[in-house]
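Down below is the structure, laid out as structure tokens.
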Amino acid sequence: MRALDDGWQRPGPTPEQRRADLVVGVLMGLGSVAFVELLRATPGGADLAGRSTEAYLWALAAVLPLVVRRRFPITVMLLCSLAFYGAGERVPPVSYSMFVQIGLFMSIYTAWAWARHRRALHVTSGAVVLGMFAWLVQLVVTSPLPDVPTAAGLASPAVALTLITFGINIVYFFGAIAWGLAAHRAARQRLQLEQQAEELRTERDRSARRAVVEERLRIARDLHDVVAHHVTGIGVQAAAARHVLDKDPAGSREALTAIESSSRSAVREMHQLVGLLRDDADPHEVQPSLNGLRDLVGEVADHRLEVDYREVGEPFPVTPAVGTSAYRTVQEALTNVRRHSTARRAEVVLRYLRDGRTVEVEVLDSGSPTGAALDGRPGFGLTGVRERVGLHGGECEIGPRPDGGFRVRVRLPVEAAS
């Protein structure tokens, strides 16, 4: 019996368990009284002559404490033991009652299964067991042996009866203790499992909230990309329209049309992204994907920047998250070409790699850095690209090309879309 006093305390009984104890205690009391009444009608009832009332009282005292056995387990064990001893001394037939014997067993079992103060339980149980066996020794020594013929066994009648009596009582008392201790340990394990399950539920809820925060951060990055892309395009087109306003009205009209189209696209995409932040947002709302890369290239290309688009490999389905990340990567890279490069030409390549599990997008230009790009500080856009790639467990290569220009290459592992 290891860890007898490890500090753990079993929670008290529930209201349902208390009601069950009340019912069991009352039924045991009625059964014990009925047993005494039946005992009076038997030949052994002669020992109760003139002491029937006392017999009834001892029979009730031995089992009625069970009505609160789980609320006060140690006290109930002590009371039942004292009543058992008193009945055995005053009216011995009552102590042989099946209900009294069961009641004492239940009190010992309950004490070891439910007692919260384990040290007090050990002391009380030791006193009960030692007292009972001391009483048993007294009975064996002082009681006369029954008048029986000489036995044919190896042991004498006195030794045989003594061994049988002590063997039954050892199994009785220590069986109740072992059963109660097993119930106590089972309750502890059950409570630990419930606590672990609650911790898992808490961690799952925490992970879900963290996922929502990460998703909102992703949406914020998307919003930054959308605004930067379209505002940059509007700025370039407005500058072009201002330069050719007097010389080339048709060219300025074309630039103004592009500004109008870009502003509408920006508003539409911002509405979609901001809508995702609402609790009632539609989770199935269409997000940018690989299918929109060709249209994106067409929107970016103008008289100042030509953009070529190529697809390499056999297309295969990808998950929406990967498609959106690849689209935003190309969008951010093209925005940077227009804002921070002298390039007049750029190339976008979409590659479906042969392993069927990886998609790669690459944006190349041959220009030189200008403006804010010369100070060497990374912008929020490329930082967002790296964060996206990290979330997917992919690889990215961002930096100057050996032969001039700039390269943004992102490789994303994908799972087949259902």
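What are the radius of gyration and Dmax of region 288-418, computed over its Cα atoms and given in Å?
14.3, 45
Can you grab the distance from the C-alpha centre of region 157-176 to the C-alpha centre of region 296-364, Å, no decimals?
After rounding, the separation between the Cα centres reads 89 Å.
Every number in this text was worked out from the coordinates using simple rules, so none of it is lab data. A quick note: this is a predicted structure, and the numbers were derived from the prediction, not measured.
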